[in-house]
Amino acid sequence: MSGLARLGLTEPWQCVLHLPLRYEDESRVTPIGALSGGEHALTEGRLMHGEVRLRPRRQWIGKLRDDHGDEITVRLIHFSNAQIQALPVGSWLRLYGEVRSSLFGREMIHPRMRISEPGAPTRAGLTAVYPTVAGVAQPTLRRAVAAAFAALDWSDTLDAAARVRLGLPALREALARLHYPQTLPAGDDLAWQRVRFDELLAQRLSLRLARRVRAALAATPLPAGARGLVDALVSSLPFPLTGAQQRAWQHIAADLARGQPMQRLLQGDVGAGKTIVAAMAALRAVENGRQAAVMAPTELLAEQHLTKFRQWLEPLGVRVAGLSGGQKKAERERLAAAVAAGEVDVVVGTHALFQKGVEFRALALVVVDEQHRFGVAQRLSLAGKGEGVHSLMMSATPIPRTLAMSYYADLDVSVIDELPPGRSPIETRVIGNPRRGEVVEKLALACGDGHQVYWVCPLVEESEALQLRAATDAFEELRAAHPGVRFGLVHGRLAAAEKAAVMAAFQRHEIDWLVATTVIEVGVDVPNATWMVIEHSERLGLAQLHQLRGRVGRGPRQSHCILLFEPGLSENARKRLEIIRNSTDGFEIARRDLELRGPGELLGKSQSGQPLLRFADPERDVALLEQASQLAEDWIARDDPAVAVHLDRWLGERQGFWRT
Ligand code: ADP
Ligand code: MG
């Protein structure tokens with residue numbers, strides 16, 4: 001593959017949209033005496049002396065002096081004989097490079113050099129420096145950009161009227177300014193604004209188109225059925241639905257009754273009660289003689305959902321089955337056959353299990369829990385598969401509205417913005433590791449009083465094996481010290497059935513104190529657990545801390561979260577712990593997280609992987625985002641030919657992906 005292809009630069013538009021990382025200013029000469037360390041600069045002087053030295057390593061050292069008598073040293077570590085022979089002593093040199101100042105004065109290592117004369121004219125404008133990979137030199141990139149610039153059809157997708165209204169320059173003008181500036185473009189230069197606007201517009205158009213393509217598909221309408229299963233479930237619950245749950249359900253019920261596939265995201269903070277709403281949706285499918293599939297990101301969560309769905313739905317005569325990685329092959333095949341024959345109404349399992357070719361007889365609804373775990377790509381491919389199938393995504397990652405607008409433009413969103421009543425807020429404390437012993441004693445007493453404890457040993461350096469050891473060590477140590485307490489251990493290496501057995505024992509309160517790795521992070525629901533202790537909490541991100549803490553505070557009793565940390569916190573870690581201590585509001589935490597980390601990371605790697613925004617930042621560029629969204633709606637509404645042109649330029653081949 002050629003160097004340019006490795007950079008993804010095979011089409012002219014890709015080349016002109018490959019924008020500079022920074023610029024070099026060769027437009028003015030800085031006299032040697034005025035150079036300061038660390039800056040990149042153009043300077044000049046006469047070569048007074050040049051020699052090859054062999055110690056401490058082979059290098060060429062040149063000394064230059066200008067008319068003021070100021071001096072600079074040039075050092076070449078890699079050089080050819082021809083190269084130094086082209087630099088005779090006495091010649092006047094122009095140098096461009098980074099200035100270093102040391103004990104021995106100013107120097108440049110490997111500057112660009114050419115023979116010149118005092119006062120020779122300088123190059124006009126700034127020189128672009130492009131992002132690159134090993135083996136692709138700047139001149140190659142400059143040539144590719146220049147060739148593309150000359151070859152392109154520059155018809156602007158924003159007409160003159162639109163540009164005036166938006167206050168943005170023409171695209172050609174903007175890109176010329178960024179590739180060949182006379183003066184340094186600031187971060188908020190109109191040229192950058194135009195590029196960001198176009199990028200946001202492309203992202204928005206592609207998501208809206210993906211949505212429209214799916215909306216044009218037919219789906220089985222799922223109106224309220226004669227069996228009245230949803231009402232029966234709701235009246236069998238020991239609690240009334242919250243207002244927010246009812247509102248979300250109304251949106252979902254209305255979507256399901258239509259002949260187009262539902263594409264809805266149900267957002268709600270941890271513990272908001274999304275699962276019951278998903279169960280209601282599944283029942284709508286069953287009432288209509290159809291099947292529903294419920295997918296969870298982990299085995300643990302799938303097992304837990306299976307238990308809940310059985311408990312809620314089986315009394316109503318609904319046939320529920322679970323597909324699990326721990327099942328024997330024969331067992332799984334028997335289940336798959338039952339699903340294909342329509343002998344099962346609701347199937348619960350992990351995403352992976354569904355990918356292994358399970359055929360449904362009459363699938364009408366797919367529920368994806370904790371969908372932020374899956375990422376945009378998987379979400380779109382999943383939705384693309386299900387001709388005629390409604391999809392309900394659920395997420396506990398509360399992302400700010402502007403980000404939601406950008407990343408979920410292909411979905412309708414319902415928010416459960418109210419927690420079930422009767423929960424007392426979790427009290428969070430941050431405690432240094434030297435006091436770990438006190439914490440352990442206190443928890444042993446709490447267990448004696450009928451409380452249950454989660455004790456989480458998180459990631460040690462990204463290594464699952466080490467994480468496992470930390471958890472196992474803690475488990476052994478605690479168990480030895482407190483024989484009166486019933487300890488349990490759960491981690492990712494356990495077989496699914498063993499994990500489920502431990503969780504079930506914890507749920508039944510046969511275990512008081514559960515030592516765990518971060519496998520319990522998502523979804524796990526044991527209302528009697530009131531203590532969450534996180535060791536090395538400084539190693540975790542805010543979203544993860546919030547998720548983990550959300551495992552407690554699910555019942556009527558006061559819950560506590562203790563964040564243990566190793567003294568000597570970094571500034572960022574200190575801020576994170578402070579944020580999590582002071583707030584239990586997922587949206588507030590997400591907003592602060594965004595300030596600390598930036599949007600790409602907030603959504604996790606999988607999420608930001610595909611619709612990568614290279615230039616725009618939906619949070620910073622919120623005004624542009626709103627304008628771009630508006631224009632995207634207009635274009636799509638009137639089938640503007642600019643849609644195809646714009647997407648072609650920005651997404652090229654990636655478009656096919658969005659259109660599935
Ligand atoms: P999440 O939204 O995080 O998935 P869950 O669906 O697991 O939350 O619900 C958390 C807990 O709250 C569960 O024990 C669930 O049974 C309970 N719950 C759900 N809705 C209500 C309600 N309206 N009133 C009281 N408890 C509820
Ligand atoms: Mg959940």
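The values are calculated or read from the model by the stated rules, or taken from the named source; none is laboratory data. Since the model is a prediction, treat every value here as computed from it, not as a measurement. Ideal geometry is used to build each Cβ from the backbone, glycine not excepted, and the neighbour counts take in all protein chains shown. For accessibility, only protein heavy atoms count, side chains too; no ligands or nucleic acids. Shrake-Rupley method; radii C 1.70, N 1.55, O 1.52, S 1.80 Å.
Scan region 29-71 for residues that are without any contact (Cβ under 8 Å) to a residue 24 or more places away in the chain and of a type in the set (Ser, Thr, Tyr) and jot them down. Hit for region 29-71 is Thr30, nothing else. Is one or more of the residues making up region 42-62 under 30 Å from Arg143 (Cβ atoms) and loosely packed, with under 15 Cβ neighbours inside 10 Å? There is no residue in region 42-62 that is under 30 Å from Arg143 (Cβ atoms) and loosely packed, with under 15 Cβ neighbours inside 10 Å. For region 481-491, the condition of being more than 21 Å from Thr584 (Cβ to Cβ), within 29 Å of the chain's Cα centre (by Cα) and in contact (Cβ under 8 Å) with a residue 12 or more places away in the chain holds for at least one residue.
Listed conditions (1) away from ligand 1 (no atom under 16 Å from the Cβ); (2) touching a residue at least 24 places away in the same chain (Cβ under 8 Å); (3) open to solvent by 40 Å² or more (accessible area, probe 1.4 Å); (4) not in a loop (DSSP other than H, G, I, E, B) are all met by Arg247, apart from (1). When Leu548 is tested against (1) closer than 27 Å to Leu569 by Cβ; (2) surrounded by fewer than 24 Cβ atoms within 10 Å (Cβ to Cβ), exactly one condition is not met: (2). Scanning region 319-363 for residues that are open to solvent by 40 Å² or more (accessible area, probe 1.4 Å), among the hydrophobic types (A, V, I, L, M, F, W, C) and at pLDDT 80 or above yields Ala330, Ala337, Ala340, Ala341, Phe360, Leu363. Within region 522-533, the set of residues being open to solvent by 10 Å² or more (accessible area, probe 1.4 Å) and touching a residue at least 40 places away in the same chain (Cβ under 8 Å) comprises Gly523, Asp525, Asn528, Trp531.
Pairs are defined by a Cβ separation below 6 Å, a sequence spacing of at least 6 or placement on different chains, a first member in region 254-271 that is closer than 22 Å to Ala409 by Cβ and within 15 Å of ligand 1 (Cβ to nearest atom), and a second member that is of a type in the set (Lys, Arg) and open to solvent by 10 Å² or more (accessible area, probe 1.4 Å); the pairs so defined are Leu266/Lys274; Gly268/Lys274. The set of residues from region 492-521 being under 30 Å from Lys575 (Cβ atoms), part of a helix (DSSP H, G or I), open to solvent by 20 Å² or more (accessible area, probe 1.4 Å) and of a type outside the set (Ser, Thr, Tyr) comprises just one member, Val519. If we scan region 119-138, do we find a residue that is of a type in the set (Lys, Arg) and within 23 Å of Pro12 (Cα to Cα)? No, there is no match, as no residue in region 119-138 is of a type in the set (Lys, Arg) and within 23 Å of Pro12 (Cα to Cα). Of the residues making up region 264-274, those that are out of contact with any strand residue (DSSP E or B) (no Cβ under 6 Å at 6 or more places or on another chain) and either more than 16 Å from Val294 (Cβ to Cβ) or at pLDDT 95 or above (or both) are Asp269, Val270, Gly271.
Quick check, is Glu26 in contact (Cβ under 8 Å) with a residue 60 or more places away in the chain and crowded, with 16+ Cβ neighbours inside 10 Å? So Glu26 fits the description; yes. In region 427-446, the residues that are in contact (Cβ under 8 Å) with a residue 40 or more places away in the chain form Cβ pairs under 9 Å with partners that are surrounded by fewer than 12 Cβ atoms within 10 Å (Cβ to Cβ) and not in a strand (DSSP E or B), at six or more places apart or across chains, as follows: Ile431/Glu438; Gly432/Pro567; Asn433/Pro567; Pro434/Pro567; Ala444/Gly484.
Checked against (1) open to solvent by 20 Å² or more (accessible area, probe 1.4 Å); (2) in a helix (DSSP H, G or I), Pro240 passes all but a single condition, namely (2). The residue of region 254-263 that is modelled with the lowest pLDDT, among those that are open to solvent by less than 20 Å² (accessible area, probe 1.4 Å) and within 18 Å of Leu207 (Cα to Cα), is Gln263.
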